[in-house]
Amino acid sequence: CLSLERHRLIYLFLLKKTRLFKDKSNVLHIAPEDCLIKIFENFNNIDYTTADLNSPLADIKMDIHKMPFKNNSFQYILCNHVLEHVNDDIKALKEIKRVMKKGGLGIVQVPFYYPIPKETVEDKKIITKSEREKYYGQSDHVRKYGKDYMKRLESVGFKVKSYKPQDLLNNSEIKKYGVLIDEDLYTISI
């Protein structure tokens, strides 16, 4: 199915904790993953929009810093492992907030590399692929998120919740679905 642990956790969260698959819903999926696209496209009740700067999988080509959508457009927004790649994550988060409907829900995941720093590490002088690999964990990342991640999300006005896989799944489900027990899921709402 080409899904990773994080994709399965997102799907299971949406299935167990939201009404996305039951009610008429609209979803913006930023940097869409093929394994999730296939799921969402199978539901007639979901108005599903995919968007990305470069991906051929996306319906709309866009820069997350300046999205081409009206205010309060989307009930659900998925943004999985994107913010560590963008020049200004706070500006991107403000755009997500702008296009999210009041009462909507977003899932905004980023990678965490151990040891997790107390504060997010970013330095505009770190530009080479080897430096980025060394300091951020991957050559195309521009920051390494720290334990202040929730505060960064809250800084733009989001209400933030963090879920451990154990909050959503029992031990046999964690094993069955191959979910990592040390990756929390972050939701945002306004």
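The values are calculated or read from the model by the stated rules, or taken from the named source; none is laboratory data. Since we're looking at a predicted model, the values are computed, not measured. Each accessible area value is taken on the protein alone, full model and side chains, heavy atoms only, with ligands, DNA and RNA left out. Shrake-Rupley method; radii C 1.70, N 1.55, O 1.52, S 1.80 Å.
Quick notes on this structure:
- Taking a ≥ b ≥ c as the square roots of the eigenvalues of the Cα gyration tensor, region 66-120 is prolate, since a/c reaches 1.5 or more and a/b is larger than b/c.
- Region 1-28 versus region 154-175: alpha-carbon centroid distance in Å: 13 Å
- Across region 10-18, coupling constants 3J(HN,Hα) worked out from phi with the 6.51/-1.76/1.60 Karplus curve, θ = phi - 60°, read 4, 4, 5, 4, 4, 5, 8, 10, 10 Hz, and Gly and Pro carry x.
- Filter on 61/102; 70/164; 70/161; 70/159 - keep pairs with C-alpha separation over 31 Å: 70/164
- Percentage of interatomic Cα-Cα distances in region 25-107 larger than 15 Å: 53 percent
- List 188, 127, 116, ordered by accessible area with a 1.4 Å probe, largest first: 127, 116, 188
- Gap separating the Cα centres of region 93-119 and region 124-147, nearest whole Å: 19 Å
- Rounded to the nearest 10 square angstrom, residue 82 shows an accessible area of 20 square angstrom against a 1.4 Å probe.
- Accessible area in the full protein assembly, largest first, 1.4 Å probe, for 62, 150: 150, 62
- Under 5 Å between amide hydrogens, built in the peptide plane, is the criterion, and for residue 26 it picks out 47, 75, 76 among residues at least 5 positions away or on other chains.
- Under the Karplus curve 6.51 cos²θ - 1.76 cosθ + 1.60, θ = phi - 60°, whole-Hz ³J(HN,Hα) for region 72-87, x wherever Gly or Pro sits: 6, 8, 10, 7, 10, 10, 10, 9, 10, 6, 10, 4, 6, 9, 8, 4
- Taking all protein chains together and a 1.4 Å probe, the residues 149, 114, 186 rank 114, 186, 149 from largest to smallest accessible area.
- Accessible surface of residue 131 - all protein chains present, 1.4 Å probe, nearest 10 Å²: 70 Å²
- Candidate values [x] 154; [y] 133; [z] 125, label of the one derived for volume of the Cα convex hull per residue in Å³: [z]
- Solvent-accessible area of residue 189, all protein chains in place: 30 Å² (probe radius 1.4 Å, heavy atoms, ligands and nucleic acids excluded).
- Largest first, the extents of the alpha carbon coordinates of region 143-190 on the three principal axes equal 37, 25, 12 Å.
- Working note: Karplus 6.51/-1.76/1.60 with θ = phi - 60° gives region 174-190 the couplings 4, 5, 4, 8, x, 8, 6, 7, 10, 10, 6, 10, 10, 10, 10, 8, 10 Hz, where Gly and Pro are set to x.
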